[in-house]
Amino acid sequence: MATSIVTQRFIKCHDTLKGDGTIRSSRQFAISLDYLPQSLSEILKGRRDVTIELLRKAVDQYKINPVYIYTGEGPMFMSEEDHKSFRVLTIVTNTQEDERIVHVPVPAQAGYAGEMADPAFVQDLPTFTLPDYKYKVGTHRSFDVSGDSMEPTLFEGDKVVCSYLEPTLWENSIKENYVYVIVTRGDVVVKRIISNQLKEQKYLELHSDNSFYEPYRVSVGDIREIWYVRAKISPFLPSPANIQNMVQEEVKQLKNTIVKQTHLLHNLGQKVETLMNRSNNS
């Protein structure tokens, strides 16, 4: 069988690692990746294609550059700095191989941001689809919004639907003053990026729409994923017109109550005055 171009590039990476002495043998390479040596031999002989899981482990263990693997561009291996800020993104598909939107609820966000996030962890999260075509292309996630830091733009209980931003695009594609989900090494935050200084200063400046919270910076070394917020899903609320009607009705009822209380006080005053007059005349 003819192997894919991705498999051919993977074989080149293997041969380079073997040639420079990083690995002693193909068998040692396979065992280090928890892969059967016989199966790796089949890949190296061009009899089968490399699996996504094997690629994920090779990227993690040997700093193989996935951009090179999938596009043929860039260096074959990542630098130490690039590798620290990189992790392979786990996706979930249905039986037709269509990618689904993975939802990350608040209780799962600490684990999602964890240093050793397991693909099985992501695969166990709830998933869904949306009918809009723009969610059929690329990788998407949705995240619960917690706290009040993004009010009045986003409220606790809202969900934001986001598109994945490849690390190679961070420097030039992040739009300032737009809202993003930033996954750091310890947290998942929804913030407005007001200054992208990744190219020169290696940090992003994040802003909360609630003025009670101060802006702060996050360094590129702490960033694991960046997601561009494209839409929000909010709990149902009455329409503004209904809210206005409700307020008007409440004001009307309050006015009626005040009028009634005024009449009661007036009547009470008259009765007190009558009693006092009788007392004075007796």
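Among the residues of the range 54-75, the one identified as free of Cβ contacts under 8 Å to residues at least 12 places away in the same chain and either among the charged types (D, E, K, R) or surrounded by 19 or more Cβ atoms within 10 Å (Cβ to Cβ) (or both) is Glu73.
Checked against the criterion of being part of a loop (DSSP other than H, G, I, E, B), assigned by TED's automatic domain parsing to the domain that holds Ser208 and among the β-branched types (Val, Ile, Thr), the range 172-190 contains one or more residues that satisfy it. Restricting attention to the range 129-167, the residues that are under 22 Å from Asn210 (Cα atoms) and outside any loop (DSSP other than H, G, I, E, B) total 7.
The values are calculated or read from the model by the stated rules, or taken from the named source; none is laboratory data. Not measured: the values here are computed from a predicted model. We place every Cβ from the backbone using ideal geometry, glycine too, and count neighbours over all the protein chains shown.
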